[in-house]
Amino acid sequence: MWRDERLPRDASDLIDLDRQSWREMEALSCARIRLLTELGDRDAARGLANHLCRIASERDLTRTLMRALVLSMTIDADTDRAVEPLVEFLRLARSTDYLRPLVRHRDVSRSLLTRLLDSAPDPEIHDAARGALAHLEGPTPPNAPVFSPREQAVLAELSRGLRNREIADRLGVSEDGVRHHLKNIYRKTGTTDRRAAVRRATSMGWRL
């Protein structure tokens with residue numbers, strides 16, 4: 001189909017934002033990376049993924065960058081090279097709560113997240129990986145609430161006794177955003193105040 005439709009193959013043509021929208025660029029580039037990966041052409045897939053990551057980063061296309069990072073991860077899923085793009089994805093996920101690319105590649109994501117947790121990374125990445133893995137595995141028992149990366153960040157600031165305005169400034173979000181995350185945290189912990197939410201989260205093993 002790619003050949004019959006005469007779709008672009010070179011990275012310079014695929015990632016050309018002068019002749020197509022970023023949505024078209026993203027769709028074609030990601031599809032091409034998946035195709036090359038399936039065909040076993042890892043070098044070409046890796047090169048295109050790296051190019052897409054670079055352009056997405058330069059243009060502040062965060063979600064495009066996150067999709068490209070997960071595709072980079074799948075190219076080398078059976079090697080240690082897959083960990084680096086996964087860690088970068090988790091760092092971005094802490095501020096975006098965007099985990100859909102991991103869900104799309106659930107089996108690979110689950111395996112790599114488990115491997116990452118076993119390697120004892122820094123606390124922030126450990127907690128982000130744990131939250132992502134819990135998200136992939138679906139509903140958890142009532143005594144183990146699952147927090148999004150952003151909710152984990154809010155909880156961490158709550159544990160330091162910060163007010164909403166201070167949390168918003170530290171995380172680069174609005175006060176309304178903080179209140180939204182607090183509402184979700186209270187619902188997940190079955191609590192109604194900040195201190196109780198922190199105690200509940202830590203009692204369930206979350207490192208804040």
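Any residue at all in region 43-62 that's under 26 Å from Gly177 (Cβ atoms) and of a type in the set (A, V, I, L, M)? Yes, because at least one residue in region 43-62 is under 26 Å from Gly177 (Cβ atoms) and of a type in the set (A, V, I, L, M).
Would it be correct to say that Leu69 is at pLDDT below 95 and touching a helix residue (DSSP H, G or I) at 6+ places or on another chain (Cβ under 9 Å)? Against the criterion (at pLDDT below 95 and touching a helix residue (DSSP H, G or I) at 6+ places or on another chain (Cβ under 9 Å)), Leu69 does not qualify. Return a yes/no flag: does region 158-169 have any residue that is loosely packed, with under 15 Cβ neighbours inside 10 Å and at pLDDT below 90. Taking every residue of region 158-169 in turn, none turns out to be loosely packed, with under 15 Cβ neighbours inside 10 Å and at pLDDT below 90. The residue list Leu117, Leu92 contains one member that is more than 15 Å from Ala134 (Cβ to Cβ) and surrounded by fewer than 19 Cβ atoms within 10 Å (Cβ to Cβ), which is Leu92. Would you mention how many residues in region 14-53 are more than 24 Å from the chain's Cα centre (by Cα), surrounded by 13 or more Cβ atoms within 10 Å (Cβ to Cβ) and among the charged types (D, E, K, R)? Within region 14-53, residues that are more than 24 Å from the chain's Cα centre (by Cα), surrounded by 13 or more Cβ atoms within 10 Å (Cβ to Cβ) and among the charged types (D, E, K, R) number 2.
Selection of first residues in region 101-127 that are over 19 Å from Asp78 (Cβ atoms) and of second residues that are in a helix (DSSP H, G or I) and of a type in the set (Gly, Ala, Ser), restricted to Cβ pairs under 8 Å at least 6 apart or on distinct chains, gives the following pairs, ordered by first then second residue: Val103/Ser109; Pro121/Ala129. For region 92-122, the set of residues classified as at pLDDT below 85 and either in contact with a Lys or Arg (Cβ under 8 Å, 6 or more places away or on another chain) or under 27 Å from Gly172 (Cα atoms) (or both) consists of Arg94, Ser95, Thr96, Asp97, Tyr98, Pro121, Asp122, listed by residue number. Among the listed residues Ala44, Ala68, Ala56, Ala49, which satisfies the condition of being more than 20 Å from Leu90 (Cα to Cα) and outside any loop (DSSP other than H, G, I, E, B)? On inspection, the qualifying residue turns out to be Ala44.
The values are calculated or read from the model by the stated rules, or taken from the named source; none is laboratory data. All values reported here derive from a predicted model rather than from experimental measurement. Virtual Cβ from ideal backbone geometry, glycine too; neighbours counted across all protein chains shown.
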